[in-house]
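The values are calculated or read from the model by the stated rules, or taken from the named source; none is laboratory data. A quick note: this is a predicted structure, and the numbers were derived from the prediction, not measured. Note: areas computed on protein heavy atoms with side chains; ligands, DNA, RNA excluded. Shrake-Rupley method; radii C 1.70, N 1.55, O 1.52, S 1.80 Å.
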Amino acid sequence: MKKVYVYAICKNEEKHIKRWVESMKEADSIYVLDTGSTDNSVNLLRSLGVNVTVKNYEHFKFDEARNDSLNLVPKEECICVCTDIDEVFDKEWRKKLDSIWKEDTKRVRYNMNFTFDEEGNPISTYFISKIHNRNDYVWQHAIHEVITYIGKEPEKVITTDLFNINHYPDRSKGRDFYLDLLEEEVKKYPQDDRNMHYLGREYMYKGRWTDAIDTLIRHLNLESSTWDEERGASMRYISRCYKALNRYDEAELWLMKAIKETPSVREPYVESGMLYYEKKDYLKSLEYLLKAKLIHNRSSKYINEEFAWNETICDLLSLDYYFLGAKEEAVFYAKEALKINDKNERIRNNLKYFNEM
């Protein structure tokens with residue numbers, strides 16, 4: 001059986017370390033590159049038996065740090081497991097990993113539960129693949145880094161549902177430097193569709209609506225922009241920006257483009273339903289929300305959105321039917337929304353009001 005080594009980068013992760021080490025100790029060894037913590041992270045990691053190396057970067061880049069952390073792992077035939085310190089595996093993940101790893105395996109694809117509701121149930125989930133053999137991979141991209149295969153043999157990737165990794169982030173940590181790194185990446189690699197998309201999305205998050213629109217259109221015009229789900233997401237983000245600018249016709253146009261690009265993806269239908277609801281076009285809102293409900297397969301990619309899979313659709317349907325004077329349907333969908341999220345007091349109050357109509 002091959003050795004299994006966990007590797008990670010760390011900066012001021014003191015509050016997560018004990019939980020993380022408890023999860024990762026199923027591996028044979030754990031290696032951490034600390035990139036300049038000012039809290040007690042380094043001492044705490046070492047006290048828990050983790051191999052820690054400290055390196056301060058004049059100009060931090062995620063791919064450089066990831067590669068430096070990977071280089072801490074012994075250069076032998078082994079399985080490398082890259083995680084972040086705010087992530088936790090299901091128990092007995094090591095045993096399950098050992099059971100599926102074959103002699104010719106290069107990488108494993110497994111599920112990440114990215115966000116959770118108040119009761120600890122996964123909301124946003126998608127597949128990642130950061131478990132790999134030792135000598136055939138490098139990290140690329142200064143931001144939103146990816147593990148890239150450089151081996152000479154065909155890459156054999158195993159997909160498994162035997163274990164998950166769970167993400168419990170510290171939302172208070174600042175990430176303002178992400179934008180600077182993305183701008184540098186796009187300037188350096190202007191034909192890279194992936195980071196062009198990410199940069200447009202980051203501008204949207206920052207409320208820089210026109211910059212976001214321009215950048216996302218650049219993404220769509222790149223020859224390398226061929227992944228339909230990511231293209232559809234760019235179109236939806238463009239729509240959001242136009243909506244923020246109160247340019248509803250353009251917002252509607254881009255959602256129709258997104259639906260055409262990804263007709264089997266639920267998200268653009270839901271956003272269309274949301275847009276028409278805001279415009280008080282309740283019949284059109286109903287039309288697109290009901291179409292969304294017919295799509296049952298959630299994407300396994302990071303691009304899926306929480307609002308398309310929680311109580312939002314049923315909540316909006318109940319409101320659409322209410323404004324159209326259809327009490328029975330309004331009551332039905334309010335009840336359906338509460339089945340998904342029984343802690344939503346607004347929906348509970350709506351249901352009470354609908355019943356009293």
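Observations on the structure shown:
- Of HIS132, HIS59, HIS197, the one that fluctuates the most in a GNM where the chain has Cα springs shorter than 10 Å: HIS59
- Straight-line cross-link partners of LYS327 among the lysines, defined as a Cα under 17 Å from its Cα and at least 8 positions apart when in the same chain: LYS335, LYS352.
- Principal-axis tilt of helix 193-205 within the chain, Cα atoms, nearest 10 degrees: 60
- Gyration tensor (alpha-carbon) shape descriptor, region 176-230, a/c threshold 1.5: oblate
- With all protein chains in place and a 1.4 Å probe, the accessible surface of the chain carries 48 percent carbon and sulfur.
- Rounded, prolate or oblate (a/c below 1.5 giving rounded, otherwise prolate when a/b exceeds b/c) for region 115-264 by Cα gyration tensor: prolate
- With all protein chains kept in place, the per residue accessible area of region 10-139 amounts to 46 square angstrom at a probe of 1.4 angstrom.
- Pair-distance profile P(r), taking every C-alpha pair of region 1-51, with 5 angstrom steps and integer %: 5, 22, 35, 23, 9, 4, 1, 0
- Pairs beyond 21 Å (Cα-Cα), from LYS284/LYS339; LYS130/LYS152; LYS279/LYS343; LYS75/LYS102; LYS25/LYS91: LYS284/LYS339; LYS279/LYS343
- With only the Cα atoms considered, the chain has a convex hull volume of 154 Å³ per residue.
- Gaussian network model of the chain, Cα within-10 Å springs - most flexible of TYR198, TYR149, TYR31: TYR149
- Folded to 0 to 90 degrees: helix 267-278 orientation relative to the chain principal axis, Cα: 40
- Of all DSSP beta bridges confined to the chain, the antiparallel ones make up roughly 45%.
- Helix axis angle, 228-244 relative to the chain longest principal axis, alpha carbon, degrees: 60
- Relative pair counts by distance (%), Cα atoms of region 213-357, 5 Å bins: 2, 10, 19, 19, 18, 14, 10, 5, 2, 1, 0, 0
- When the convex hull of its Cα atoms is viewed from all sides, region 1-138 shows a mean projected area of 8.9 nm².
- Three-way shape label, region 296-357, alpha-carbon gyration tensor, a/c 1.5: prolate
- Take MET196: with every protein chain present and a 1.4 Å probe, its accessible area is about 0 Å².
- Over the chain: helical MRE at 222 nm, DSSP H runs n ≥ 4 each giving -39500 (n - 2.57), nearest 500: -14500 deg cm²/dmol
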